[in-house]
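First comes the structure, then the notes that go with it.
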């Protein structure tokens, strides 16, 4: 689910186009966009606090073979939510599951990882380390 | 996940369907005794009629605690309402903003639901009661605001204590609960301001 939600829409479209037979489906809940409150914890362990609201699009669909797929993606792309839900449903079908797991999920995860690594590299190149003179306010020093 | 596999579809067009059903319920509430028909827009789960489902999808949401008829708990209808309406389910009739009743003969007495307070009469409960049948003509005579002279209706399957309880509820005005009767695709409303003679 996370992989499908984080994948680029173009990559998902490519994967969808690569399917031999495009399944037909009915909406259980048509795509809708809303806000969710994102919570964070200071340092990962502190008290939870509200970071802010994020736009999320969600949908639920049922394929003709009876699998129910759910898509929750960040942003307003209804098509992205639809494709995520569709792949979620297809991944539950016994005959497609193994193939899609390698062809789609692992490939998308790889693409995402590469994109993340490239972005981190770019950021890393401009990283600035701050050095301060110890002035005695750090109790551990 | 297994529960989700059986959830039927909600409104195909959530915004416009909910708006049109809301308008219809509003009109029905303003003109008590008049029976309105809801368009068949959602696939109702087992145990719920088309009208009950449409009213539920329109009115219930995460801010309205729902008291659900024991006949519907733990079955498809409960999953359906949780999924599409996102409403919290409560056991306590006093905290419920809505009640959904499908077996009126065994329902709690009307006085058990919240009637609101004099300061906030709008915080009272609204009951959606799915009945065996609704008819334009019948032994029940309604008078009050929104009705010219009087209206007569028939409602099937209500318990014996129902109309005496309603008199008490009517006497509580401006507090009191409101009722939405459904049957098949038909809806009839009974606000607290209406006097009923049987």
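Brief remarks on what is shown
- Inter-part distance, the stretch A:55-77 to the stretch B:1-44, computed on C-alpha centroids, equals 22 Å.
- 0 to 90° range, to nearest 10: angle between helix A:107-125 axis and chain A longest Cα axis: 20
- The ellipsoid equivalent to the alpha-carbon distribution of the stretch A:2-119 has semi-axes of 27, 19, 13 angstrom, derived from the gyration tensor eigenvalues as √(5λ) and listed largest first.
- The alpha carbon centroids of the stretch A:1-33 and the stretch B:124-157 are separated by 49 Å.
- Counted by neighbouring Cβ atoms within 10 Å, the residues A:37, B:188 run from fewest to most as A:37, B:188.
- Antiparallel bridge percentage (DSSP; both residues within the stretch B:12-192; nearest 5): 45
- Chain B: calculated mean residue ellipticity at 222 nm from DSSP helix runs of at least 4, using -39500 (n - 2.57): -7500 deg cm²/dmol
- Stokes-Einstein diffusion coefficient of the stretch B:98-163, Kirkwood radius over Cα pairs, 25 °C, 0.890 mPa s, in µm²/s: 179
- Residue by residue along A:19-28, Cβ atoms of other protein chains within 10 Å of the local Cβ number 2 on average.
- Over all pairs of different C-alpha atoms, the protein assembly as shown has a mean inverse distance whose reciprocal, the Kirkwood radius, equals 23.7 Å.
- Relative contact order (%) - criterion: Cα under 8 Å, at least six apart; region: chain B: 24
- Percentage, to the nearest whole number, of Cα pairs in the stretch B:12-192 over 26 Å apart: 24
Only the coordinates and a few stated rules stand behind these numbers; no lab work does. Keep in mind that this is a model prediction, so the values were computed, not measured. We place every Cβ from the backbone using ideal geometry, glycine too, and count neighbours over all the protein chains shown.
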